[in-house]
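A.B. asks: Input: one structure, supplied below.
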Amino acid sequence: MSEEKNIERLYFEPSTLETIDRSVHEYIKNLNLQVETNKGSIPVPVLWGTSERAFLSKKSQDERDQQGALIFPAISIKRNAITKPQSSPGVFVGNVLEVPDYKGGAFEISKILNQAKTSKFANADAKKITGQENYPRSNKKRILKIITMPVPVNIEVTYEITIRTDFQQQINDLIFPFITSPGTVRAVLLRSGDHKYEGFFDNQYQSQDNLTSFENEERKFETKISLRVVGYLVGHDTSRKRPYVTVRENIVELKLPRERTMLSPEEMEKYNL
């Protein structure tokens, strides 16, 4: 394996709260939700409800009218709560502390053979024993690149998905994929980059409308769907000073200077001993 391929394997994208948020947003966008209007079938925009107001208003100009009000139908996503469960549902139940140095790292995820350094030890021992480099023999001095990373911390994040339309038929069309896409279960697989999370939809869809109101306001249909995501976090995001992936090498040989070299007559004469 070439050194360039080894470097590619060392790349690791940390899992943060934004990574989990992105996985939820991408999942709903990939549903390709559409509704029928008097202009034909149109896609329904998926908006992140907690975005900055200035950014959201500029990005969603096509979804707003001349007065700046949102044009429905629309879907918004909002993160409600973050819970760190006492009994961890993930693989890492115990707490593994990081190595107390500038590199950090807690547990081993991979080992890669350093062929260049290993061959130097093999050639040196072969020449010392047989007088010939590259002589075929068993070599136990293998230099390994040991790759470690911090322990993932499991969390549960709750999201509220709000669907807002002006017609009953549109709200029916938009709720339908949320019920049928997971199949007969409520669990879905969420992805963002190289990370995977599990999401669980609530079995109850809360609907609201103003059909019983006889005032002159517009008719609105709104449904809220709760999604619980079991995810994990790695590191301290931008506050982390240590690398997310640490590379160390194992020790294959320990050498100490001989006493006769330290206490040779020549050295003792220098200090008048």
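The values are calculated or read from the model by the stated rules, or taken from the named source; none is laboratory data. Every value quoted in this text rests on a predicted model; they were computed, and no experiment measured them. Cβ coordinates were reconstructed from backbone atoms using ideal geometry, including for glycine residues, and neighbour counts include every protein chain displayed.
A.B. asks: Considering (1) modelled with pLDDT of 75 or more; (2) assigned to a helix (DSSP H, G or I); (3) small (Gly, Ala, Ser), say which one Ser57 fails and leave the rest.
C.D. replies: (1)
A.B. asks: Restricting the search to the stretch 97-146, which residues are in contact with a helix residue (DSSP H, G or I) (Cβ under 8 Å, 6 or more places away or on another chain), under 16 Å from Pro243 (Cβ atoms) and at pLDDT below 80?
C.D. replies: Residue satisfying the conditions is Ser110 alone.
A.B. asks: Specify the residue that is farthest from the chain's Cα centre (by Cα); the eligible residues are those in the stretch 153-169 that are under 16 Å from Leu47 (Cβ atoms) and either among the polar types (S, T, N, Q) or not assigned by TED's automatic domain parsing to the domain that holds Ala187 (or both). Working first, answer last.
C.D. replies: From the stretch 153-169, those under 16 Å from Leu47 (Cβ atoms) are 159-165; that's our starting set.
If we keep only those that are either among the polar types (S, T, N, Q) or not assigned by TED's automatic domain parsing to the domain that holds Ala187 (or both) as well, we get 162, 165.
Numbers: Thr162: 25, Thr165: 33 Å.
Among residues in the stretch 153-169 that are under 16 Å from Leu47 (Cβ atoms) and either among the polar types (S, T, N, Q) or not assigned by TED's automatic domain parsing to the domain that holds Ala187 (or both), the one farthest from the chain's Cα centre (by Cα) is Thr165.
A.B. asks: State all residues of the stretch 165-174 that are within 18 Å of Lys78 (Cα to Cα) and at pLDDT below 90; if no residue qualifies, say none.
C.D. replies: Scanning the stretch 165-174 gives a single hit, Thr165.
A.B. asks: Among the residues that make up the stretch 136-153, is at least one of them in a strand (DSSP E or B), touching a residue at least 60 places away in the same chain (Cβ under 8 Å), in contact with a Leu (Cβ under 9 Å, 6 or more places away or on another chain) and crowded, with 19+ Cβ neighbours inside 10 Å?
C.D. replies: Within the stretch 136-153 (the criterion being in a strand (DSSP E or B), touching a residue at least 60 places away in the same chain (Cβ under 8 Å), in contact with a Leu (Cβ under 9 Å, 6 or more places away or on another chain) and crowded, with 19+ Cβ neighbours inside 10 Å), the answer is yes, since at least one residue qualifies.
A.B. asks: Which of the residues belonging to the stretch 229-254 are assigned to a loop (DSSP other than H, G, I, E, B) and touching a Phe, Trp or Tyr at 6+ places or on another chain (Cβ under 6 Å)? Before you say what the answer is, go through the steps one by one.
C.D. replies: Start the filter on the stretch 229-254 by keeping residues that are assigned to a loop (DSSP other than H, G, I, E, B), which leaves 234-236, 240-245, 250-254.
Those that are assigned to a loop (DSSP other than H, G, I, E, B) and touching a Phe, Trp or Tyr at 6+ places or on another chain (Cβ under 6 Å): Gly235, Tyr244, Val245.
A.B. asks: Please specify each residue of the stretch 179-200 satisfying the condition of being in contact with a helix residue (DSSP H, G or I) (Cβ under 9 Å, 6 or more places away or on another chain) and modelled with pLDDT of 90 or more.
C.D. replies: Result: Val188, Leu189, Leu190, Arg191, Ser192, Lys196, Tyr197, Gly199.
A.B. asks: Further question: So Lys111 clears everything in (1) in contact (Cβ under 8 Å) with a residue 24 or more places away in the chain; (2) over 26 Å from Asn250 (Cα atoms); (3) within 22 Å of the chain's Cα centre (by Cα) except one condition, right? Which one?
C.D. replies: Only one criterion in (1) in contact (Cβ under 8 Å) with a residue 24 or more places away in the chain; (2) over 26 Å from Asn250 (Cα atoms); (3) within 22 Å of the chain's Cα centre (by Cα) is unmet by Lys111, namely (2).
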